[in-house]
Amino acid sequence: MKISMTTKRWLVTIHILFGAIMFGNTITFIVLNIAATKAPDIDLMQKYYDIMYLLSITTVRGSTFATIITGILLSILTKWGLFKFYWIIAKEILSVILLGLNIWGMYVWTNRALDLARINDIQPTNLSHVQIDIWIGIVIQLISLILIYVLSVFKPRGGKLKNKRGVNVG
């Protein structure tokens, strides 16, 4: 089943918008985590983690699911397919990484940081293991998203899968 060009354009538009929201969330996490790390007092640090936690259970989850769902729809309803090209498979692998980070990782780490800030067990002036976990998650998110965008724009040629006889699949 293929879709009309107008439907495809709307689906691509929605996909790009939710991808932009994911990217914006990542940048927001960078800013908030820097602010939390540099916060002069525990109350301000807690507010930054409150915002990060709220984002992790709302726009981060929503944009991640919406981007993945629209990406799958675009793959199966257009000529690209789910497994015809290496660059699409690479995007799918990166999307699974983002799904884990965005749905589980950022939620758990920001929730843990928030709990520690509430009991004053985390000090604004030194990086705790939770803050390091959040940084690692943010960096992996950022790199994954940038790679997905690069693959989407450049669509490396010669990346079509071939069967055992060397014939293109699909």
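None of the figures in this text is laboratory data; all of them are computed from the coordinates on show. This structure is a prediction, so every number in the text was calculated from the model and none was measured. Note: ideal-geometry Cβ built from the backbone for every residue, glycine included; neighbour counts use all protein chains shown.
The dipole here belongs to the chain: it is taken about the Cα centre, uses +1 on the Cβ of Lys and Arg and -1 on the Cβ of Asp and Glu, and is about 1540 debye. Per-residue extension of 0.36 nm, minus the Cα-Cα distance of residue 2 and residue 16, leaves a gain of 3.0 nm for this segment. Classify the chain: rounded, prolate or oblate, from the alpha-carbon gyration tensor (a ≥ b ≥ c, eigenvalue square roots; a/c under 1.5 rounded; otherwise prolate if a/b is larger than b/c)? Verdict is prolate for the chain.
Amide H contacts of residue 85 (H built 1.01 Å from N, in plane; Pro and chain starts excluded): 161 sit under 5 Å, all sequence-distant by 5 or more or on other chains. Working from label points 7 Å from Cα in the Cα-to-Cβ sense, the residue 28 to residue 143 distance is 2.5 nm.
Helix 106-118 and the longest principal axis of the Cα set of the chain meet at an angle near 0°. Exposed loop sites here mean trypsin sites (Lys or Arg not before Pro) with a DSSP loop assignment and at most 15 other beta-carbon atoms within 10 Å; the chain contains its longest site-free run at 80-156. The calculated FRET efficiency for the pair residue 80 and residue 103, based on their C-beta separation and a Förster distance of 30 Å, comes to about 0.75. Lysine pair count for the chain with Cα-Cα distance under 24 Å and sequence separation of 8 or more or different chains is 26.
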